[in-house]
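Here is the structure we will look at, set down as structure tokens.
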Amino acid sequence: MIKDLVRKNRSYRGYDESRRVTEAELRELADCARLTASSVNMQPLKYYLAWEKEEVDRIQELTAWARALPDMTLPHEGMRPTAFIVICQDTDIQESLARFQKDVGIAAQTMLLAAVEMGLGGCMIGNFRADSVKKELGLAENLAPLLIVAVGKPAEKVVLTEVQEGEPVAYYRDENDVHYVPKRRLEDVIIRH
Ligand SMILES: Cc1cc2nc3c(=O)[nH]c(=O)nc-3n(C[C@H](O)[C@H](O)[C@H](O)COP(=O)(O)O)c2cc1C
């Protein structure tokens, strides 16, 4: 059920490293992404798939996690994702990067929902330097990295909570490393006249 998938589809920052995500699984996720909506159906997005440990480790070094928890280094050692998908825009198809940001979100969310259905999970990573990633992966000039999606088998507990209007929405962790994500209430996100 879609709502169960949506609930389960959390931003995971701890994974079971013994479960390697395969190329075939990543191709299946990209196949879901390529079928999604795209502004004027331009489809300027391309997907760089990384599943080999050495390359995954190199990408990991270029990503920044959980900015709201500056005292913590996440993922913890030995709990890193085992794959990454770097969503790029092919600027030969469309030059404006701003115009297709929404396409990127749709593609990323679709891949993450599919990952959850496969018993996997992930995290969108917008906190990286596009030029470094481009250089590290040896991407062609026309490929601009826009968003990185980490993928792996989640190995941490994430709990959704509800907050009243005005309460803090910052995520936090308890002493058992359980991750809490406050969400605004339905009544507070529906606009009334
Ligand atoms: C566009 C986008 C970029 C994000 N970038 C990062 C990131 O760079 N690092 C990170 O740890 N989380 C990142 N996140 C995850 C958010 O922190 C997360 O969605 C939020 O805390 C709510 O948690 P939830 O996804 O489990 O609902 C990103 C999320 C989105 C939508």
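The values are calculated or read from the model by the stated rules, or taken from the named source; none is laboratory data. Remember, it's a predicted structure, so these values are computed and weren't measured experimentally. Note that we place each Cβ from the backbone using ideal geometry, even for glycine, and neighbour counts take in every protein chain shown.
Per-structure values
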quantity: Selection status of residue 80, at pLDDT 95 or above, among the basic types (Lys, Arg), assigned to a loop (DSSP other than H, G, I, E, B) and more than 15 Å from the ligand (Cβ to nearest atom); calculated: no
quantity: Among (1) among the polar types (S, T, N, Q); (2) touching a residue at least 24 places away in the same chain (Cβ under 8 Å); (3) more than 16 Å from the ligand (Cβ to nearest atom), the one test that residue 18 misses; calculated: (2)
quantity: Tally of residues being within 16 Å of the ligand (Cβ to nearest atom), within 24 Å of residue 80 (Cα to Cα) and not in a helix (DSSP H, G or I) across the stretch 21-39; calculated: 0
quantity: Positions within the stretch 2-24 being surrounded by 14 or more Cβ atoms within 10 Å (Cβ to Cβ) and over 25 Å from residue 64 (Cβ atoms), in sequence order; calculated: 5
quantity: Search result, residues across the stretch 36-90 that are among the β-branched types (Val, Ile, Thr), in contact (Cβ under 8 Å) with a residue 40 or more places away in the chain and crowded, with 18+ Cβ neighbours inside 10 Å; calculated: 59, 63, 82, 85, 86, 87
quantity: Any hit, the stretch 98-109, residues being β-branched (Val, Ile, Thr) and surrounded by 18 or more Cβ atoms within 10 Å (Cβ to Cβ); calculated: yes
quantity: Sole residue being at pLDDT 95 or above, more than 30 Å from residue 96 (Cα to Cα) and in contact with a Ser or Thr (Cβ under 9 Å, 6 or more places away or on another chain), chosen from 178, 151, 158; calculated: 158
quantity: In the stretch 40-64, residue farthest from the ligand (Cβ to nearest atom) [restricted to those that are part of a loop (DSSP other than H, G, I, E, B) and in contact with a strand residue (DSSP E or B) (Cβ under 7 Å, 6 or more places away or on another chain)]; calculated: 51
quantity: Filter result (over 18 Å from residue 148 (Cβ atoms) and either assigned to a helix (DSSP H, G or I) or within 16 Å of the ligand (Cβ to nearest atom) (or both)) within the stretch 1-15; calculated: 2, 3, 4, 5, 6, 7, 8
quantity: Residue tally, condition of a type in the set (A, V, I, L, M), part of a helix (DSSP H, G or I) and more than 13 Å from the ligand (Cβ to nearest atom), over the stretch 116-138; calculated: 1
